[in-house]
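Data block below; observations after.
Taken together, the values in this text are just the output of simple stated rules run on the coordinates, not laboratory data. Fair warning: this is a prediction, and the values are worked out from it, not measured in the lab. When we count neighbours, we look across all protein chains shown, and the Cβ atoms used for this are built from the backbone with ideal geometry, even at glycine.
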């Protein structure tokens, strides 16, 4: 995305990465703590990222949001239920109030492990660079 950054594409890619990291977290720690991937669906959040998209698309999205998007209060309400009654499974995925099958290719455990390993490497490299800068 260095060559041609697009806000919506970046948000979608970040969402997929977050889902994969959730799959890995559930694989590592799910026996102690349940991990829930929750996507509320189209939410009327007034997101500042809207300022990054082209003016025509911004008008279209804001217009559709007025009619079709859920209020923030309604979008987050199901989270309270999950907190009050955590699922028994290590991983649960919910999209717009509906359960998501965990065998989707976008939730592939092998891809989740690869992303977690790459992410850990990036974090470790960043720590090493920071310690060199600090002289430690």
*asked:* So if each residue of separation counts as 0.36 nm, and I subtract the Cα-Cα distance between residue 45 and residue 83, what length gain in nm does that give?
replied: 11.5 nm
*residue 134 to residue 104: extension gain in nm, 0.36 nm per residue of separation minus the Cα-Cα distance?*
6.4 nm
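Using Cα pairs under 8 angstrom and six or more residues apart, how large is the relative contact order of the range 7-128, in percent?
Relative CO of the range 7-128 lands at 40 percent.
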*What order do you get for 117-125, 34-42 when each peptide is scored by the mean count of other beta carbon atoms within 10 Å, highest first?*
34-42, 117-125
*Pull out a ≥ b ≥ c, the square roots of the eigenvalues of the alpha-carbon gyration tensor of the range 1-75, then state rounded if a/c is under 1.5, prolate if not and a/b is larger than b/c, and oblate in the remaining case.*
oblate
*Go ahead and estimate [θ] at 222 nm for the chain from helices alone: -39,500 (n - 2.57) per DSSP H run with n ≥ 4, summed, over the residue count, rounded to 500.*
-19000 deg cm²/dmol
_Cα gyration tensor shape for the chain, rounded if a/c is under 1.5, else prolate or oblate_ = oblate
